[in-house]
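Structure first, commentary second.
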Amino acid sequence: MTLLKSNKTPSEAELISNCGVGVVVTDGEITAAVKAAMDQHKAGLDENGHGEKGAIMKTAGGLPALKWASKKKVSDELSKQLIALLGEEVLFPTSDHCHQPMVPIEKIIV
């Protein structure tokens, strides 16, 4: 609903529903909604692990309970729940093959 195009003073209910004025989203509501979003992505989590975070954030952002929630709080809660479920995200390979010494070019050219 576009309030300005109608050229009328909106009611309090219209203002709240369209602008979030006075709406408070508690940490408990964020936790429950993020859990619900993660449950919808169970297969993706099994396949992609932490790589599923963007899809879960998109789902969580579309939930009515999180319409006015701080996106930072939602992201932090999602990260916390992902770590609890999957463990810490490994960003860089830790195997020894990444630290092998370079072979001089003369030995490669035959």
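Values quoted throughout were computed directly from the atomic coordinates according to the rules given, and no laboratory measurement underlies them. Since this is a predicted model, take the numbers as computed values, not measurements. Glycine gets a Cβ as well: all are built from the backbone with ideal geometry, and neighbour counts include every protein chain shown.
With the checklist (1) under 27 Å from Leu15 (Cβ atoms); (2) surrounded by 12 or more Cβ atoms within 10 Å (Cβ to Cβ); (3) over 11 Å from the mean Cα position of the chain (by Cα); (4) without any contact (Cβ under 8 Å) to a residue 40 or more places away in the chain in hand, flag the one item Ala65 doesn't pass.
Checking Ala65 against (1) under 27 Å from Leu15 (Cβ atoms); (2) surrounded by 12 or more Cβ atoms within 10 Å (Cβ to Cβ); (3) over 11 Å from the mean Cα position of the chain (by Cα); (4) without any contact (Cβ under 8 Å) to a residue 40 or more places away in the chain, the one that fails is (4).
Residues to consider are Lys58, Lys35, Lys53, Lys72; find the one that is among the basic types (Lys, Arg) and more than 19 Å from Glu89 (Cα to Cα). Write out each step before concluding.
Details: Lys35 fails: more than 19 Å from Glu89 (Cα to Cα); Lys53 fails: more than 19 Å from Glu89 (Cα to Cα); Lys72 fails: more than 19 Å from Glu89 (Cα to Cα).
That would be Lys58, the only listed residue that is among the basic types (Lys, Arg) and more than 19 Å from Glu89 (Cα to Cα).
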